[in-house]
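What follows is a short report on a single structure.
No value in this document is a laboratory result; all are computed from the given coordinates. Since the model is a prediction, treat every value here as computed from it, not as a measurement. All Cβ positions, even for glycine, are placed from backbone atoms using ideal geometry, and neighbour counts span all protein chains on display.
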Amino acid sequence: MLGISVDSKYCHKQFAEKLGLNFPLLSDFGKEVCRLYGTLRKEGFSERAYFIIDKQGIVRFKYLMPTPKDRLDNGQLINNLKDLQGDLNGRKRKGDFKA
């Protein structure tokens with residue numbers, strides 16, 4: 001798991017320390033990743049988005065939040081990860097990934 005935003009690595013360091021995060025935060029200061037994943041807004045910042053990408057680099061889940069202040073419930077992400085894990089282990093999924 002990792003986080004990415006258009007903020008600088010210095011902002012990320014401060015943010016991670018403040019919240020006690022135990023996963024990497026990557027800086028997309030040049031906005032290349034945002035452009036590739038279709039999350040860059042015309043105002044120059046990124047939509048708040050959630051992606052689950054498998055080991056082969058295939059996007060298995062994508063959800064763009066309606067507004068920048070909204071956040072996806074952790075339980076929804078965990079359920080989608082469990083569904084993906086079951087799918088990759090040959091078990092039938094309960095359904096499509098949902099937000």
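When Cα extents along the principal axes in Å is computed from the coordinates, the matching label among [x] 45, 23, 19; [y] 42, 31, 26; [z] 49, 28, 21 is [y]. Taking packing as the residue-averaged number of other Cβ atoms within 10 angstrom, the listed peptides 45-52, 58-65 run from highest to lowest as 45-52, 58-65. Cross-link pairs exceeding 19 Å between alpha carbons, from the set K62/K82; K9/K31; K13/K55; K42/K69: K13/K55.
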